[in-house]
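These notes concern the structure reproduced below.
The values are calculated or read from the model by the stated rules, or taken from the named source; none is laboratory data. None of these values were measured; they are calculated from a predicted model. Here the Cβ is made from the backbone with ideal geometry for all residues, glycine too, and neighbour counts use every protein chain on show. These area figures cover heavy atoms from the full protein model, side chains too; ligands, DNA and RNA do not enter into them. Shrake-Rupley method; radii C 1.70, N 1.55, O 1.52, S 1.80 Å.
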Amino acid sequence: MNYYNIAVPKPLRQPLTYCSPQVISAGRFVEVPLLSKKIIGLVLSQMEEKPDFESKEILKVFNDIPPLDPIRMEWLNWLSQYYFYPIGMVTSSCFTPPLSDKQRKKQSSLNPSNTSTDIKKLQLNKDQLRCVSEIQKISTFKVHLLHGVTGSGKTEVYLDLMENIIQQDKSVLFLLPEISLTPQLFQRVSARFPDQTALIHSGMSPSKKQMNWIQTIEGKKKILMGARSALFCPIPNLSLIIVDEEHESHFKQEEKLKYHARDSAIMLGHKYNIPVVLGSATPSLETWHNVQTKRYQYHQLKKRVRGYPMPQMSIVDLKKQKNKELPFWLSEELFQALKNALKKKEQSALFLNRRGQSSLSLCSYCGSHLKCPHCDISLVLHANKYLVCHYCNYSINSLQAECHPAQDIMHIGVGTESVFEGIKKLFPKANIQLADSDHIHSASQFQSIVEQMLKGKTDILIGTQMIAKGLDFPKLNLVGFILADLALHTQDFRSTEKCFQLIAQMGGRAGRHSINPGKVIIQTYNPDHPAIQTGAHLEFEKMTSHELKFRKQLNYPPFTRLALIQTSSAKKDQSLALAKKIHKNLSTAIQTKNVQCLGPAPAPIFKLRSKYRYHILLKSSSTEDLHKVCEFIWQKPSSAWQINRDPV
Ligand code: ADP
Ligand code: ZN
């Protein structure tokens, strides 16, 4: 009999022991019995000696899926330790069941190999060629930042880098923050590399995902595109990792394994000793700091391709909006610009990062503020009818709101739905589309919005973040920010950085294919705020130097590392008592360490989904010290409290 350490997807800190008469190599997935169930585990290692307790037998070995290689296993182990998550719950993300015979048959009928499509390849310009050749110089581990304004041709650089890799019969991982929102990008990559590109994202059917996964691990597809979960696909011969829009907070998963996909991709590149390319028009301050301290190699694309100009951006102070005929959120400037665009048959987009018709509902009779009974959050009016909580989706008919007569409830503020209605009234003949998560529920619905824009059917597109990223609409020449300040009113130390990024990203959608510069109008109540000022002038370096000074003073990343401990309980007292207990344990742990401990304090959203939450924040300039302190208090995952490394 042989004995094995097997990681199982359960909240355990240690692997379990199972036996088998077979010799099984580390990295193989196996099926094992646990209590009365069968579960899938991963063989971590073979034990040297027979343990002195009884162990159960392995039921099945998945010999038809390639085993994980030792480097991949090391990386999984790193994830488990760094993010304080049980090893078996990390390794299970690398498993996909093998295809059935039926699926195999279907696959071979679907895949006529080498369909000859004519592949359009652009001749790169001098700057792009320089970036490609500098990046290709080193084939071992190195982190590169490709920094280029929107429309400067970063994607074309990625495509050339990929081509070089697949010509050597090796593979590429291409990570994006939200793949379902960037259908155009997948089309571009698969048009350039037909039959070589696989895609994995959460909006996909499980069988389609499984098919793409298997084709990748069997080496049939050399390019894997996907959102963060694609990192777990054990791609053979991985030789390059690209992380597009590296600054995006979507790369951080905020539940279960709270990993940051960009940081984890860098660690994977480090372990495999291969290059990692981060791309962005607005790099994160963490990445920028690493460039300044020469840890990362910097490559810049300064201009838009073909000499297209950057858009003209202007700031409009909404406090001065006096035209009573227009809604309070629409300035004369933006109104005229929309009118003009319609006259010239150009497209416009209006951006607002808030859904619904209001931001706040107040009873004008008693002044009470209508909140979600489960969350510490205002209810928002939707469709003139429902009051909805944007965090837990609790909703009531607005006529049933438990207050004074419903007609006395005032809905204050603005959301995408009220913008849609207001614009419709002002421009009744225009074709207006609304893109936010209340109205777009699937990748195909989003795709149809994109197609209508591309075909020129839409005149005005109104939307949230959903429309801010990665889209390329040739006839879009006007972008309006309804209320650019929204991103600033959060308790996040990154709010200036985030607001800047939004302005640059969304503004960058304007005039991408035109010799006449696009127009961007930024409406705000805080025209002098540094984020708005630097955003409107696309002064990235000015914003970063302003922000870095502030972060340094207050000991925030990139100068320190953070770990956030959050307790959560349906009982307020219990949540606080637990936070205090953890705080006490921490005090002993941090005595000899260079770690600062803040809190416990109520979380910014104190009550969420009927749970009361307290935060303890740990800060340290030493990653090791911070890790040791967390290690000291961590037992196993619990619903009562959790550790979040590098929270965003
Ligand atoms: P980014 O990824 O930086 O936003 P893209 O790679 O999407 O930029 O390029 C913007 C647009 O310019 C795209 O339509 C692309 O096809 C085009 N483009 C990029 N590089 C070139 C080039 N060298 N010659 C002509 N067109 C180019
Ligand atoms: Zn709620």
(request) About the Cα centre of region 143-260, how large is the charge dipole given +1 on each Lys and Arg Cβ and -1 on each Asp and Glu Cβ? Please answer in debye to the nearest 20. (result) 340 debye
(message) Suppose we keep just the DSSP beta bridges with both residues in the chain; what percent of those would be antiparallel, to 5?
(response) 50 percent
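Residues of region 1-77: accessible area per residue at 1.4 Å, in Å²? Don't jump to the answer; show the numbers that get you there.
Numbers: 4420 Å² over 77 residues.
Per residue, region 1-77 has 57 Å² of solvent-accessible surface.
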(request) List the chymotrypsin sites (Phe, Trp or Tyr not before Pro) within region 425-499 that fall in a DSSP loop (any state other than H, G, I, E or B) and whose Cβ has at most 16 other Cβ atoms within 10 Å. (result) Phe493
(request) Can you send over the carbon and sulfur percentage of the accessible area for the chain, probe radius 1.4 Å, protein chains only? (result) 51 percent
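Could you rank the peptides 154-163, 17-26, 52-61 by their average count of other C-beta atoms within 10 Å per residue, with the highest value first?
Per-residue Cβ counts within 10 Å, averaged per peptide and sorted highest first, yield 154-163, 17-26, 52-61.
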(request) With only Lys, Arg, Asp and Glu charged, each at its Cβ (+1 for the first two, -1 for the last two), find how big the charge dipole of region 357-466 is about the Cα centre; round to the nearest 20 debye. (result) 340 debye
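May I ask you to order 197-204, 423-430 by the average number of other C-beta atoms within 10 Å around their residues, highest value first?
Result, highest mean Cβ count within 10 Å first: 197-204, 423-430.
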(request) For the chain, build the charge dipole from Cβ charges (+1 Lys, Arg; -1 Asp, Glu) around the Cα centre, then report which of Gln300, Ala430, Phe95 sits farthest towards its positive end. (result) Ala430
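Taking a ≥ b ≥ c as the square roots of the Cα gyration tensor eigenvalues, with a/c under 1.5 meaning rounded and otherwise prolate when a/b beats b/c, else oblate, which class fits region 134-196?
Oblate, because a/c is 1.5 or more while a/b does not exceed b/c.
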(request) Taking Cβ-Cβ under 4.7 Å as the only way to count a partner, pick out the unpartnered cysteines of the chain. (result) Cys19, Cys94, Cys131, Cys233, Cys366, Cys392, Cys499, Cys597, Cys630
(message) Using the Cα centre of the chain as origin and beta-carbon charges of +1 (Lys, Arg) and -1 (Asp, Glu), tell me which of Leu59, Thr496, Phe632 is placed farthest towards the positive end of the dipole.
(response) Thr496
(message) Out of the trypsin sites (Lys or Arg not before Pro) in region 505-572, which ones are loop residues according to DSSP with at most 13 other C-beta atoms within 10 Å?
(response) Lys571
(request) Could you tell me whether region 314-462 comes out rounded, prolate or oblate from its Cα gyration tensor? Rule is a ≥ b ≥ c as square roots of the eigenvalues, rounded for a/c under 1.5, then prolate if a/b exceeds b/c, otherwise oblate. (result) oblate
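So, for region 242-313, what is the accessible surface per residue at a probe of 1.4 Å, expressed in square angstrom?
On a per-residue basis, 38 Å².
Tell me the mean residue ellipticity at 222 nm calculated for the chain from its helices only (DSSP H runs of n ≥ 4, each -39500 (n - 2.57), averaged over every residue, nearest 500).
Result for the chain, helices only: -9000 deg cm²/dmol.
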(message) How tilted is helix 332-343 with respect to the longest principal axis of the chain? Cα atoms for both, answer in degrees (0 to 90, nearest 10).
(response) 80 degrees
(request) For region 568-621, just say rounded, prolate or oblate: build the C-alpha gyration tensor, square-root its eigenvalues into a ≥ b ≥ c, call rounded for a/c under 1.5, and beyond that prolate if a/b exceeds b/c, oblate if not. (result) oblate
(request) Can you pull the one-decimal nm distance between simple spin-label points at Ser139 and Lys256, each 7 Å off the Cα toward Cβ? (result) 3.6 nm
(request) Please get the size of the charge dipole for the chain, origin at its Cα centre, with Cβ charges of +1 on Lys and Arg and -1 on Asp and Glu, quoted in debye to the nearest 20. (result) 500 debye
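For each pair in Lys580/Lys628; Lys322/Lys425; Lys120/Lys170; Lys170/Lys619; Lys137/Lys208, compute the distance between the two Cα atoms and list the pairs where it is over 29 Å. Could the numbers behind the result be given before it?
Values: Lys580/Lys628 20 Å; Lys322/Lys425 19 Å; Lys120/Lys170 22 Å; Lys170/Lys619 41 Å; Lys137/Lys208 36 Å.
Violating the 29 Å limit, Cα to Cα: Lys170/Lys619; Lys137/Lys208.
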(request) Compute the distance in nm between two label points, each set 7 Å from the Cα along the Cα-to-Cβ direction, one at His441 and one at Lys549. (result) 5.0 nm
(request) Enumerate by residue number the GluC sites (Glu not before Pro) in region 235-319 meeting two conditions: DSSP loop (anything except H, G, I, E, B), and at most 15 other Cβ atoms within 10 Å of the site's Cβ. (result) Glu254, Glu255
